[in-house]
Amino acid sequence: MMALENLYPSRVFYYFEQLAAIPRGSGNTKEVSDYLVQFAKEHGLEWYQDESNNVIIIKEASAGYQEAPAVILQGHMDMVCEKEKGCDIDMEKEGLRLYVDGDFLRAEGTTLGGDDGIAVAYALALLESKELSHPRLEAVFTVDEETGMYGASSIDLSMLKGNRMLNIDSDEEGVFLTGCAGGLSLSACIPVSRVSQGGTKLIITVTGLTGGHSGSEIHKEHGNANILMGRVLHGLLERTPFGIISLAGGLKDNAIPRECTVEILLPGENAKAAATYIRDISSVFKHEFSETDAEVTVCCENQGEMEAAILDYASVSKVIFYLRNVPNGVQHMSQQLNGQVETSLNLGILELTESELTSLTSVRSSVESRKKDLAERITMLVELLGGETELEGEYPAWEYRSDSKIRPLAERVYQELFHKKPVFSTIHAGLECGLLSEKIKDLDCISFGPDNFDIHTPREHLSISSTGRVWDFIVAFLEQAKEE
């Protein structure tokens, strides 16, 4: 670890560094949850921890703010764990290796966890301070946001007194979100059959894609490795018969897959023609994705003759049919908000087991009926192929509130600090605000954060100067958050 306390704001980066030392991928949050509880105990603060590892920490109002409405500070403690090929960090057991690169904070070979560790760090610095002026603070730290918002779904908020919330889970400074899409994850299982056969083994990999967040970056039309692999296999089957040994792509349903690998057996006399086709399709992809995924490559490795259990012809056809016909990417643009995505989906995880092709798709829409329609379309396709689907982690949209009191206050504070108007918008990505609005009556909320780039990828980098400006905004907002 490196000392970040010389960066501004020092205590925010101190706590971010502390969090980075704790493995906290989704589903692996017990240690970080206990760390937050220990923080509360050491600072004499009221705290709650539930069986899911959600944590709530409460700090009473400072002098002169006892009559001000409470403010909820909210973020999630889990992060997406992705790493570069060859990175030796075990993200289940080891912390991150942070380093400063000019104005940016990065992690060596892995995601940084600024989404949403920075929210936790901001909150801990606020809860620790004895100098700042503020109303009652109710910090809500949820788990497993990245895999379906399960923490926000299960958390009990009955002890809270406030209904004004600062959700610090956005990644563009000066842009305040006031609504978000609803979503769900759809798992699919399609049965396949195998036969034992000999032939030449090829390993084909679609790699070098940019990836990114499947909600906030879906409109950039980055290539999806799983979908592109379907195209590769379809073209290959037109040239030679083959059987599939293994197939896997993507790590998270909410991250656009950057790589997909298939192992196949084919007649040895066709191996050269297959390799030629792979080079050709790689050039086609480089041309088609020259602006969005300039490094895209399709690689082919010949491993010689062998015998293996491969998918039979009918199963290979089912796999290719599914990948060539399953919807993916932007489906509808908003009719109310010009230029914003309304409905999309991302085939995030693909895996072939001994007896099934399994996939996990993230479906998003700000229109409930279209979200359901997309799930039904995929289900029809899967059932046509003899499989079945299951809904997971469904969450509602967060609807815009026209009578907000928190929004004009945020606008005024921002203009006073930075002498320019903030942008108020909605986002296609899912936020916990929708689920929490079902638990907190009349929830009045905005979502914001510092500039954080390439989230959900090992290129993630957080702006240090932006982190400082957002801290200044939060402090000024709390100072002015008295009843008007």
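Couple of notes before you dig in:
- Normalised by the number of residues in the range 319-411, the average gap of Cα pairs under 8 Å and 6 or more apart makes the relative contact order 18 percent.
- Space enclosed by the convex hull of the alpha-carbon atoms of the range 186-333, per residue, Å³: 107
- Relative to the Cα centre, the charge distribution of the range 341-447, modelled as +1 at Lys and Arg Cβ and -1 at Asp and Glu Cβ, gives a dipole magnitude of about 900 debye.
- With the convex hull of the Cα atoms taken as the outline of the chain, the averaged projected area works out to 23.2 nm².
- Taking all protein chains into account, the per residue accessible area for the chain stands at 41 Å² (1.4 Å probe).
- Computed [θ] at 222 nm, deg cm²/dmol, the chain (DSSP H ≥ 4; -39,500 (n - 2.57); rounded to nearest 500): -9000 deg cm²/dmol
- Loop-located GluC sites (Glu not before Pro) in the range 327-430, at most 16 other Cβ atoms within 10 Å (DSSP): Glu354, Glu399
- The range 61-179 shape via C-alpha gyration tensor axes, a/c threshold 1.5: prolate
- Set of aspartates and glutamates with alpha-carbon distance to Lys420 below 12 Å, sequence-local pairs under 8 removed: Glu411
- Taking amide H positions as modeled 1.01 Å from N, with prolines and chain starts lacking one, the residues under 5 Å from His332 and 5 or more places away or on another chain are Glu342, Thr343.
- Rounded to the nearest 20, the Cβ-based charge dipole of the range 88-235 about its Cα centre (Lys and Arg +1, Asp and Glu -1) stands at 640 debye.
- Taken over the range 364-427, the alpha-carbon convex hull comes to 112 cubic angstrom per residue.
- Averaging the Cα positions of each part gives two centres, and for the range 297-376 and the range 167-230 these lie 8 Å apart.
- Net charge of the neighbourhood of Gly387, taken over other residues with C-beta under 11 Å away and scored Lys/Arg +1, Asp/Glu -1, is -3.
- Dipole in debye (nearest 20) - the chain, about Cα centre, beta carbon charges: Lys, Arg +1; Asp, Glu -1: 760
- Net charge contributed by nearby residues that have their C-beta within less than 15 Å of Ile218 (K/R +1, D/E -1): -1
- The overall shape of the range 208-271, judged from the alpha-carbon gyration tensor, is prolate: a/c is not under 1.5, and a/b is greater than b/c.
- Whole-Å semi-axes of the range 414-478's equivalent ellipsoid (Cα gyration tensor): 23, 20, 11
- Remark: the Asp442-Val37 segment gains 143.0 nm on full extension, using 0.36 nm per residue and subtracting the alpha carbon distance.
- Leading residue at positive end of dipole, the chain (Cβ point charges), from Ile118, Ala21, Gly339: Gly339
- Taking the protein heavy atoms of the chain in the context of the full set of protein chains, the accessible area attributed to carbon and sulfur is 47 percent at 1.4 Å.
- For the range 411-429 versus the range 77-113, the inter-centroid distance based on Cα atoms is 30 Å.
- Computed from backbone phi with θ = phi - 60° and the Karplus coefficients 6.51, -1.76 and 1.60, the 3J(HN,Hα) list for the range 389-401 is 10, 8, 7, 9, x, 6, 9, x, 6, 9, 8, 4, 10 Hz; x is used for glycine and proline.
- Helix 313-325 axis, angle to the chain major axis (alpha carbon atoms, nearest 10°): 40
- Overall form of the range 1-73 per C-alpha gyration tensor (a/c, 1.5; a/b vs b/c): oblate
The values are calculated or read from the model by the stated rules, or taken from the named source; none is laboratory data. Here the structure is a predicted model, which is why all the values come from computation and not from measurement. Every residue, glycine as well, gets a Cβ built from its backbone with ideal geometry; the counts of neighbours run over all protein chains shown. Only protein heavy atoms, including side chains, enter the accessible area calculation; ligands, DNA and RNA are left aside. Shrake-Rupley method; radii C 1.70, N 1.55, O 1.52, S 1.80 Å.
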